[in-house]
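The values are calculated or read from the model by the stated rules, or taken from the named source; none is laboratory data. What you see is a predicted model, and the numbers here were worked out from it, not measured in a lab. Cβ coordinates were reconstructed from backbone atoms using ideal geometry, including for glycine residues, and neighbour counts include every protein chain displayed. Ligands, DNA and RNA are stripped out before the accessible areas are found, and what is left, the full protein with its side chains, is counted by its heavy atoms. Shrake-Rupley method; radii C 1.70, N 1.55, O 1.52, S 1.80 Å.
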There are 2 protein chains.
Amino acid sequence: MSCFTLAAREGAARAGTLHTAHGDISTPVFMPVGTQASVKGVAPDELTACGVGIVLANAYHLYLRPGTQVIRDAGGLHAFMSWPGAILTDSGGFQVFSLARLSRVDDDGYHFASHLDGSRHTFTPESVVAIQEALGSDIAMVLDDLVPAGVDEPRARDAAHRTLRWAARAKAVLQRTDQLSFAIVQGSTYEALRRANARDLAALDFPGYAIGGLWVGEERSLGLAMVEVCNQELPPDKPRYLMGVGTPEDMIEAIRRGVDMFDCVYPTRSARHALALTSTGRLNLRNAAHARDMRPLDASCGCPVCSAFTRAYIAHLFRAGEMLGPRLVSVHNIAMLNGLAKAARAAIHDGRFDRWSAGVLDGLQRSAGAPS
Amino acid sequence: MSCFTLAAREGAARAGTLHTAHGDISTPVFMPVGTQASVKGVAPDELTACGVGIVLANAYHLYLRPGTQVIRDAGGLHAFMSWPGAILTDSGGFQVFSLARLSRVDDDGYHFASHLDGSRHTFTPESVVAIQEALGSDIAMVLDDLVPAGVDEPRARDAAHRTLRWAARAKAVLQRTDQLSFAIVQGSTYEALRRANARDLAALDFPGYAIGGLWVGEERSLGLAMVEVCNQELPPDKPRYLMGVGTPEDMIEAIRRGVDMFDCVYPTRSARHALALTSTGRLNLRNAAHARDMRPLDASCGCPVCSAFTRAYIAHLFRAGEMLGPRLVSVHNIAMLNGLAKAARAAIHDGRFDRWSAGVLDGLQRSAGAPS
């Protein structure tokens, strides 16, 4: 059976259901990031209360600490972090690329030194499958070869080709039938490379596909164009995941172009910087204006934080250095992005995504110049 | 009507009920500390889930930040921090004494510079009543004159006498009928001073009494002796609160000597240092021994944390620098002290406090030498 059921379309935008071993996920979906097996500051029951059904974790980080064996001993990642919902693990390619020291890539895989203790490790397409099968995530990403933004076409082509070869090697060693393996389309900002890579990976018949290597410094319009190109080539009956995105604005534009899944540290990282996402733009809770404001963060938000706490109280928590501040705003921001994805889904279902998205973007825009 | 109903006694130990405008509190009770209107890292619904019915907040801190007016505008401290239970506010004498700069005390009150911005303020017995009435706490402490540990007898006597005069001045200006005013017994470690001060304050007929100025550096046995002396003089039909205590061991010994109420930052501060309280002693979660331990923090604890998470996971959170670590251990530690007070109450009720406490102290002791 396919892991994805398409329920409705409007233009390229799609509403569907992703079927995982830990529950069905309505799409479009925003997945909060729990890199080290913890969505920063937020407990599993709070994620559930925000309507979250799937979170991310990271194979690179968990392999290094606490180590795959500890998580296997705990009965897998779900049991380890006490999360009853679905989990997608990223393969760690991006982390080797961005965090690890002395990293070197060849056809075999990545050779790197841990950013924690300098110990030497190798990630191959096969070992990364084995790590994620040991973690027991519901969706596992294949290892991909990443290139920085702005590389020339030959370098981008080599990386895309290697990513394709690695995807085939990964697929050949899959063992778990309860884990969905997703391939990752690369090709930098070269349309022909993206198109070819997407088509070649599609031929390998993975359960799902991700679009990687974007939102890394290129022009936003170019990133969106690449999303459009990839989605034209990817099989319409399979889920599509845009890695590392994003903001409400970027999510809406990517949904319009046929993306089903998103992840980003944005809601929790913003929260730690006292930034709350609202339907009328961002609030900087350190601004004096909020110190006496007895309204919730967003009057239209039904999250547990907006039901109980005022801007004045949360602003006080940040000024007082209380860790409850980042925590409450993290919960709210995740609920906001989850609510945005849910509203997008309902709009697509009713054939009013274009109108709905115009209204949402207008709301976000309207206050962009206002004091935040 | 009295704010306190005595339900059972065993020797000097008491089980009772404290009646507040925000609910009845079974005693003995441990009150978590939310100095700045937030129990560090813990949300109100988690306190409720731990069985907590009353928390502390601090008039000095809240007067300076966010300011009394903001909290009044919010509808009082309960609404401001979204806490449905009872609140006891400390008068701030201790904070002026320990935190404020350039502080000077005379018969009028405390004159000090804010530790936040150096601004000049005066706290009088009357102004501190007004601040706490504006905050709207259920129990308000009178302003007391504190002296450091080890002062000579004349200095301790002056402070005790001033505390008595201030208590009378505070009582004369009380306006709220839904707030209980507690006086504070001083007298350092001088038995005659403590006895006289307790007796004199008792004559002023406050709804409740606190024992202050102890656990500030004196020998523990001397502190406990002072508790015994104070409780011999304080009216038996009124609640007794030992300020700033404490550890499980100290709480048990003070309950044995007739104390009903406790507060301390110990459970949350310990948690931030990766120390978990258990019935068999303290666990330092940074110790390697816990990294693969799939047991809960305390197998006999029914708190939300012990129901969901292992030592291995929580140890991982601390190593990974995840804020969920301190948060989870804070919840557990508060639940432990709350459970200890509840068990003490049941034991007193059944006339087996002596036996019960011997068993608990034995358990805590047994592992004191073991690796933690």
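Miscellaneous remarks
- Relative to the longest principal axis of the Cα atoms of chain B, the long axis of helix B:153-173 makes an angle of roughly 80 degrees.
- Rounded to the nearest whole Hz, the Karplus-based 3J(HN,Hα) values (6.51 cos²θ - 1.76 cosθ + 1.60, θ = phi - 60°) of region B:235-240 follow the sequence x, x, 8, 10, x, 10, with x at glycine and proline.
- Solvent-accessible area per residue for chain A (1.4 angstrom probe, square angstrom): 36
- Solvent-accessible area of B:SER82 with every protein chain in place, 1.4 Å probe, in Å² to the nearest 10: 30
- Within a straight-line Cα-Cα reach of under 17 Å, B:LYS40 can be paired with the following lysines, leaving aside sequence neighbours fewer than 8 residues apart in one chain: A:LYS40.
- Taking chain A as a Gaussian network of alpha-carbon nodes connected by springs under 10 Å, the highest mean-square fluctuation of the residues A:GLY53, A:GLY359, A:GLY92 belongs to A:GLY359.
- Largest-first ordering by accessible area, 1.4 Å probe, given options A:TYR110, A:TYR190: A:TYR190, A:TYR110
- Angle of helix B:220-233 to the longest C-alpha principal axis of chain B, folded into 0 to 90 degrees and rounded to 10: 50°.
- Inter-copy label distances at B:GLY150, shortest first and taken from points set 7 Å along Cα to Cβ: 6.3 nm.
- In straight-distance terms, cross-link reach from A:LYS238 covers every one of the lysines whose alpha-carbon lies under 27 Å from its own, apart from those fewer than eight places away in the same chain; here that gives A:LYS171, A:LYS342.
- Cβ-Cβ FRET estimate between A:GLN69 and B:ASP117, R0 fixed at 56 Å, reported to 0.05: 0.60
- Under Karplus coefficients 6.51, -1.76 and 1.60, residue-wise ³J(HN,Hα) of region B:266-279 in Hz, glycine/proline x: 3, x, 7, 5, 4, 4, 5, 9, 6, 9, 9, 7, 9, 5
- Near B:ASP293, the amide H atoms lying under 5 Å from its own belong to B:ALA312; only residues 5 or more places off or on other chains count, and H is placed 1.01 Å from N.
- The protein assembly as shown, accessible surface, carbon-and-sulfur percent (1.4 angstrom probe): 52
- The contact residues of region A:30-62, meaning those that lose at least 40 Å² of 1.4 Å-probe accessible area when all protein chains sit together rather than their chain alone, are A:GLN36, A:SER38, A:GLY41.
- For B:HIS273 and A:SER300, the FRET efficiency from 1/(1 + (r/R0)^6), where r spans their Cβ atoms and R0 equals 45 Å, is about 0.65.
- Inverse mean reciprocal Cα-Cα distance (Kirkwood Rh) of region A:142-284, Å: 15.8
- Computed magnitude of the charge dipole of chain A (debye, nearest 20; Cβ of K, R +1, Cβ of D, E -1): 860
- Among chain B residues, the beta-carbon with the smallest distance to the axis carrying B onto A is reported, with distance in whole Å, as B:MET323, 3.
- With a Förster radius of 60 Å applied to the C-beta separation of B:THR177 and A:LEU361, the computed FRET efficiency comes to 0.65.
- Using heavy atoms of the protein chains and a probe of 1.4 Å, the accessible area assigned to A:LEU164 is about 40 Å².
- B:ASP108 label point (Cα plus 7 Å toward Cβ) to equivalent points in the other copies: 8.0 nm, shortest first.
- Estimated buried accessible area (total), pair A and B, 1.4 Å, Å² to nearest 100: 3100
- Springs join every pair of Cα atoms under 10 Å in this Gaussian network model of chain A, and among A:ASP90, A:ASP144, A:ASP73 the largest mean-square fluctuation is at A:ASP73.
- Relative to the dominant Cα principal axis of chain A, helix A:125-135 is inclined by about 50°.
- Projecting 7 Å from Cα along the Cα-to-Cβ direction, the label point of B:SER300 sits 5.4 nm from its equivalents in the other copies, listed shortest first.
- Annotation: amide H-H contacts under 5 Å for B:ALA7 (H modelled 1.01 Å from N, sequence separation of 5 or more, or interchain): B:ALA15, B:GLY16, B:THR17.
- Distance from the Cα centroid of region B:322-364 to that of region B:170-198 is 29 Å (rounded to whole angstrom).
- Among A:SER137, A:SER300, A:SER114, residue whose mean-square fluctuation peaks in a GNM of chain A (springs only between Cα atoms under 10 Å): A:SER300
- Debye intensity ratio I(q)/I(0), log10, region A:20-159, q values 0.10, 0.16, 0.22 Å⁻¹ (C-alpha model): -0.36, -0.85, -1.31
- Rotationally averaged projected area of the protein assembly as shown (alpha carbon convex hull; nm²): 33.7
- Potential lengthening between B:ALA79 and B:ALA7 on full extension [0.36 nm per residue; Cα-Cα distance subtracted]: 22.8 nm
- Here is how the number arises for chain B: DSSP H runs of 4 or more residues each give -39500 (n - 2.57), the sum is divided by the residue count, and the result at 222 nm is -12500 deg cm²/dmol.
- Computed over region B:1-45, the alpha-carbon pair-distance distribution with 10 angstrom bins reads 23, 39, 28, 11, each value a whole percent.
- With both labels modelled 7 Å from their Cα along Cα-to-Cβ, the B:ASP350 to A:GLU153 distance reads 8.3 nm.
- Counting every C-alpha pair in region A:261-372, the share spaced more than 22 angstrom apart comes to 31%.
- Per-residue Karplus couplings for region B:297-305, computed as 6.51 cos²θ - 1.76 cosθ + 1.60 with θ equal to phi - 60°, are listed in order as 3, 9, 5, 8, 9, x, 6, x, 6 Hz, Gly and Pro entered as x.
- With the cut-off at under 14 Å, measuring from each backbone N in region A:281-322 to a point 7 Å along the Cα-to-Cβ line of A:LYS342 picks out A:300-307.
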